[in-house]
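Here is the structure we will look at.
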Amino acid sequence: MGALLELDRLTVSYGGLRALSDVSLVVPEGTVVALLGPNGAGKSTTLRTISGLIPPESGHVVFEGRRIEHLAPFRIARAGILHVPEGRGIFPSLTVQANLEMASYGLNIGVDVPAEAARLFPALESRMAQFAGTLSGGEQQMLALARALLSKPKLLLLDEISMGLAPIIVNQLFAAVKEMAVAGATVLIVEQYVQAALELADYVYLLDKGRVVDLGEPADMQETGVLASYLGGG
């Protein structure tokens, strides 16, 4: 199984403060990798650096064998990396249907995106003509995730998709991600809802104070207790 994404000794600083220090990780093609850690560990910074929103101080981001750390964000997106940031990734002034149709713009994915979104998240079916900004928080996250999943990215970056949502909504979101993962999607996920992330992941990296402190398969890391020591029992 080849590596789709590799981070090689990635170091990032904000205004003189070190956010990431020599972070290296591998995301094999067709797997789900969870990046876990306490608040302030550098997890979101890692995703933002991969997607080109933050330039690294040093180190490399390699995607499909090509270094991309100095490409503009739109070029990284065109290469096949789609980032769903914390706090919803939608166009609030467009309708739900328009948001979904934009996911397939210029792509030959052979899917009726609005219909497929309604299948994944039935709550969206009656909201197609509604402006996305008027949806509930849970519905907005469903829309953001549907747009991401149905655009068929080569690599999907998910940042805290459960943030501030009720457990029943979170379960629906993770069920949709799991369906796509089973179908072969490659996902790097940052998530504080640890148990859901562990059930989804093939591999786990544990980040603390900007450094990778452990890595392995979910069952092994739970068995050793290392996750509990950093995440308070997760």
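The values are calculated or read from the model by the stated rules, or taken from the named source; none is laboratory data. It should be emphasised that the depicted structure is a prediction, and the values quoted were computed from it without experimental measurement. For neighbour counting, all protein chains shown are included, and Cβ atoms are generated from backbone atoms with ideal geometry for every residue, glycine included.
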Failed criterion for Ile168 (all others in (1) at pLDDT 95 or above; (2) more than 19 Å from the chain's Cα centre (by Cα) hold): (1)
Selection within the range 50-60 - buried (at least 16 other Cβ atoms within 10 Å of the Cβ) and without any contact (Cβ under 8 Å) to a residue 40 or more places away in the chain: Gly52
Test: Ile90 is part of a helix (DSSP H, G or I) and among the aliphatic types (A, V, I, L, M): no
Some residue of the range 126-138 being in contact with a strand residue (DSSP E or B) (Cβ under 6 Å, 6 or more places away or on another chain) and free of Cβ contacts under 8 Å to residues at least 12 places away in the same chain: no
Restricting the range 172-198 to residues that are free of Cβ contacts under 8 Å to residues at least 24 places away in the same chain and in contact with a helix residue (DSSP H, G or I) (Cβ under 9 Å, 6 or more places away or on another chain), the residue that is farthest from Val23 (Cα to Cα): Ala175
Search result, residues across the range 146-161 that are more than 18 Å from Leu124 (Cβ to Cβ) and in a loop (DSSP other than H, G, I, E, B): Lys152, Pro153, Lys154, Glu160
One residue from Gln172, Gln192 being under 24 Å from Leu82 (Cα atoms), polar (S, T, N, Q) and outside any loop (DSSP other than H, G, I, E, B): Gln172
Residue satisfying condition, being in contact with a Leu (Cβ under 6 Å, 6 or more places away or on another chain), of a type outside the set (D, E, K, R) and buried (at least 19 other Cβ atoms within 10 Å of the Cβ), within set Phe121, Phe63: Phe63
Within the range 69-85, tally of residues that are in a helix (DSSP H, G or I), within 21 Å of Ser58 (Cβ to Cβ) and among the small types (Gly, Ala, Ser): 0
Qualifying residue in the range 213-224 (condition: at pLDDT 95 or above, surrounded by fewer than 21 Cβ atoms within 10 Å (Cβ to Cβ), hydroxyl-bearing (Ser, Thr, Tyr) and over 13 Å from the mean Cα position of the chain (by Cα)): no
Residue within the range 204-217 that is closer than 30 Å to Arg78 by Cα, of a type in the set (Phe, Trp, Tyr) and assigned to a strand (DSSP E or B) present: yes
For Leu5: the one exception among (1) in a strand (DSSP E or B); (2) over 15 Å from the mean Cα position of the chain (by Cα): (2)
Single match in Arg78, Arg9 (criterion: of a type outside the set (Val, Ile, Thr), modelled with pLDDT of 95 or more and surrounded by fewer than 17 Cβ atoms within 10 Å (Cβ to Cβ)): Arg9
